[in-house]
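The values are calculated or read from the model by the stated rules, or taken from the named source; none is laboratory data. No experiment lies behind these values; they were computed from the predicted model shown. No Cβ is skipped: glycine too gets one built from the backbone with ideal geometry, and neighbour counts run over all protein chains shown.
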Amino acid sequence: MTAPPATHDGQRTAVGYALLLSATVLFALNGSVVKSILLSGISATTLSETRAMGAFAILFIIVALTRPRALRIRRDEWKLLLAYGVIGVSMTQFLYFVAIERMPIGIALIIEFTAPIWVVLWVRFGRRQPVKGTVWVGLLLAVIGLTLIAQVWQGFTLDGLGVAAAFGAAFALALFYILGEHQRRGDNARDALSLTMWGMGGAALFWVLVPPWSLSAWGAYAGISEPLAGRGPEVPLWALTLWMVVMGTVVPFVLAMKSLAYVTAAQASTIGMTEPLIASIIAWIVLAEVLTPVQIAGGAIVLIGVYLAERSR
């Protein structure tokens, strides 16, 4: 007896998961690419500036060709778009870069991925909207998991500035979600592609003005990366940077955006939470970053807590 053919809904869901998983793998791989560039001497500031400018230029062309009306900024939205770009985009990626320069990529990502918890707490206390009681279970699990990751019984084994930067990235990412959600609702809602484009534009403008922009810093991209894991090939920094902008930023975002036509946001967030795991595996292979079993268990507990918190809204 032959198996029944897959349903149309099942096929659509499979396509959505394939797109989203591809995006997640590319985002995870980008962590090791970025760290390789940072370890070669490029500053987090210069790299953040380059990523924002490059992604904005590419997304601007895509939006101009596919939805030119979205290039127009309404008078009532430019302040929100600027805050979205400066804090939500530029600070999230800059602080993440600082964090992964000082500690393992997987740990930095796990801390940054606590952002949904802070969003839910904002909804509860900032907007005074009801949430399910599971948010407190999620928060407790996150605290327990972070305690295991930091191995506090050994005197806090993580770099202090790196941890502060990772939590800063989490708070900036939470604001990214809050402002993005606001911009995508209402009669004049903005589509995800143009919203990201203007977010990158705001970030690029920020890095042009603060600190003073200089082309001289870009000369460092003429160098060569350190051997991967101390034994791999040396790669031109410009090639890694091009990958970071195109395959590590623009392509995975477009894939993730397209996946939402096939799966729900809840399904997407669940798949997206595998990024720290995938990033840790890639960093272990490429950069020889090894997490202890206790840290791995702590990371799993944090992600379970984040999952429960996300479901509490």
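Contact list please: Cβ distance under 6 Å, first residue in the stretch 244-263 and touching a residue at least 24 places away in the same chain (Cβ under 8 Å) and farther than 19 Å from residue 274 by Cβ, second residue surrounded by fewer than 20 Cβ atoms within 10 Å (Cβ to Cβ) and not small (Gly, Ala, Ser), pairs at least six apart or on different chains.
From the stretch 244-263, the pairs are 250/58.
Just checking: which of the helices (runs of 4 or more DSSP H) contained wholly in the stretch 258-313 hold 1 or more residues that are surrounded by fewer than 22 Cβ atoms within 10 Å (Cβ to Cβ) and at pLDDT 90 or above?
275-286, 293-310
So which residues in the stretch 45-72 are among the aromatic types (Phe, Trp, Tyr) and surrounded by fewer than 22 Cβ atoms within 10 Å (Cβ to Cβ)?
60, the sole residue that qualifies.
Looking at residue 50, is it within 30 Å of residue 298 (Cα to Cα) and either without any contact (Cβ under 8 Å) to a residue 12 or more places away in the chain or polar (S, T, N, Q) (or both)?
no
Return the only residue of 42, 105, 100 being over 19 Å from residue 179 (Cβ atoms), modelled with pLDDT under 90 and crowded, with 21+ Cβ neighbours inside 10 Å.
When all the criteria are applied, what remains is 42.
Can you tell which of 75, 12 is outside any helix (DSSP H, G or I), among the charged types (D, E, K, R) and either surrounded by fewer than 20 Cβ atoms within 10 Å (Cβ to Cβ) or modelled with pLDDT under 90 (or both)?
Every option except 75 fails the conditions.
Please work out if residue 181 is closer than 30 Å to residue 287 by Cβ and of a type in the set (Asp, Glu). Give the derivation first.
Values: closer than 30 Å to residue 287 by Cβ: no; of a type in the set (Asp, Glu): yes.
No; evaluated as a whole, the condition is false for this residue.
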